[in-house]
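Inspection log for the structure reproduced underneath, given as structure tokens.
The values are calculated or read from the model by the stated rules, or taken from the named source; none is laboratory data. Treat the numbers as computed from the prediction; the structure is a model and nothing was measured. Cβ: placed from backbone, ideal geometry, glycine included. Neighbour counts: every protein chain shown.
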Amino acid sequence: MLSPPVLPRWQGSIYHHPVKPRPSNQETNPSLPLDLSLLQPGLRLAIGLSGGADSVALTRALAARAAELGVVLHAAHLHHGLRGAEADQDQQFAADLAQSLGITFHTHQVETAAQAQQQHESIEEAARRLRYAWFRELMAAGLVDAVATAHTLDDQAETVLGKLLRGAWTEGLSGIHPVVQFPEGRILRPLLAVTRPQIEVYLASLDQAWREDASNQDHAYTRNRLRHQLLPNLELWNPRIRQHLSQMATLARDEEAYWQSEIARLAPQLLLTGRPVRGGGRASSTDSTLAIDTTRLAAQPAAIQRRLLRHAAAQLGVSLSFEATESLRNLALHGRASQQLALPGPISAERTPRELRLSPSTPKPDPSAQSLEIPLPIPGEASAFGWRFCARSTQPHPSATIRNWRPGDRVTLRYSSGPRKIKEVLSRLQAGFKVTGSARAQWPVVDWQGQILWMQGADLAAHPAITLTAEKE
């Protein structure tokens, strides 16, 4: 716990103060439409206070109503170990605000960049994982019962649009949930009906400053491109696109809740374990094999068929893409006996005269694979695998390595929510490239300190400091 000193007012371009006077058509003392149904008297609630406008507005709004609501407020600020002195100033700003409101302040620092490299994640993904891990630690320690984050309607719209671009299923289109239940406690989102303009008007009415993270303008990050480029363009077609995307999340969330209960009812009836034995019944199995009676599956609507197949794969720890699900459904409904299908994950599927059987599979190493590693200086150029690579950067970095992919390698696609195994991505590239046998084993990538910057045929998320181009020789 930090007992903050009082510092002078902040200087610098990342410090933002509301512009006054306010528009004449705004209320003199506007309020935020918080979702108070999430709060119960006696709740010890930590607010995720980054120092940005949204979290500052949530902190001020809850502090003003804490006595009325009967909640005990805390503030929680995670220093991500990024942006140097600016991040230090964010931390102190959050501490000062909490102190001025009489709120207990918790802070912690992590090394996000190092964690991202170790886990083969983007900076955004690592920051989010570490942030929620710390929130859960606060709840597990008994310091608070729940944590409130300041996600707004605009965040919801950006999330749903990003999921839509990546080809998400209904659960993905449900976006940011108002409540997320962890074993340690709950994450609450009371601002999901509030827009950013409402946030800024509210802060202006209080003459309340906030911190502006300069990285929020960096278009190397997917969310920033959605926020500053794609959504404004879509608003030219439909000015209410943000509200409609938020409504889509609500509809998808309710639809998904219904389907989850329906699949929970049907799965025990249609999913079978073990293998059938002569005379009836099934033998117990230790290989986690699941089977589905194809006649009973065919009698179900297509929506149930897809969900049952995805549910079965999920029991084996695999999340199926739309393409993989359709291939599996085609095998179940139209395949011939003894026909097999290898799926990403990996799992394998086999068609018998009456069943579709799913079981874990262990990939076999390709004996034709040969390791090849060529250094690529940054900045600099190099050739390998029939490609000419050029790496550019504003400052020198350790060299990258041009090599063939290896089992366990992961990449982050430009519009992906997280890293994906290269094996899975290669399976999706089969329509446009010959990626079988030795060609598959020799598929080139560019590796920089454990992060894949480039992969042939794949559109990967950009690195914030390194620009990489590749041309066929």
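For segment 53-70, the count of residues that are assigned to a strand (DSSP E or B) and at pLDDT 95 or above is zero. In segment 30-88, what residues are of a type in the set (Asp, Glu) and touching a residue at least 60 places away in the same chain (Cβ under 8 Å)? Matches in segment 30-88: Asp35, Asp54, Glu86. Checking the stated criteria, Leu192 turns out to be in a loop (DSSP other than H, G, I, E, B) and either in the same structural domain as Ala85 (by TED's automatic domain parsing) or surrounded by fewer than 19 Cβ atoms within 10 Å (Cβ to Cβ) (or both). Residues in segment 270-311 that are touching a Leu at 6+ places or on another chain (Cβ under 8 Å), farther than 14 Å from Arg354 by Cα and modelled with pLDDT of 90 or more were compared, and the one that is surrounded by the fewest Cβ atoms within 10 Å (Cβ to Cβ) is Gln300. Within the bounds of segment 215-232, is there any residue that is part of a helix (DSSP H, G or I), closer than 23 Å to Ser31 by Cβ and out of contact with any Phe, Trp or Tyr (no Cβ under 9 Å at 6 or more places or on another chain)? No: zero hits. Filtering Leu97, Leu130, Leu138 for residues that are at pLDDT 90 or above, closer than 30 Å to Gly450 by Cα and in a helix (DSSP H, G or I) leaves a single hit, Leu130. Exactly one residue among Ser319, Ser327 is modelled with pLDDT of 85 or more and under 16 Å from Ser348 (Cα atoms), and that residue is Ser327. In the set (1) of a type in the set (Asp, Glu); (2) modelled with pLDDT of 85 or more; (3) out of contact with any Leu (no Cβ under 9 Å at 6 or more places or on another chain), the condition left unmet by Glu355 is number (3).
Each row is one residue, and each column tells you yes or no for (1) surrounded by fewer than 17 Cβ atoms within 10 Å (Cβ to Cβ); (2) of a type in the set (A, V, I, L, M); (3) over 23 Å from Met248 (Cβ atoms).
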site	(1), (2), (3)
Glu86	no, no, yes
Ala95	no, yes, yes
Ile103	no, yes, yes
Thr107	no, no, yes
Glu121	no, no, yes
Val144	no, yes, yes
Thr152	no, no, no
Glu171	yes, no, no
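Right, Ala113: under 28 Å from Ala67 (Cβ atoms) and either assigned to a strand (DSSP E or B) or more than 16 Å from the chain's Cα centre (by Cα) (or both) or not? Answer is no for this residue. If the condition is being buried (at least 17 other Cβ atoms within 10 Å of the Cβ) and within 17 Å of Ala146 (Cα to Cα), then segment 70-84 contributes Val71, Leu73, His74, Ala75, Ala76, His77, Leu78. Restricted to segment 391-443, and to residues that are polar (S, T, N, Q) and farther than 27 Å from Ile378 by Cβ, which residue is modelled with the highest pLDDT? Restricting to residues being polar (S, T, N, Q) and farther than 27 Å from Ile378 by Cβ, the top hit is Ser427.
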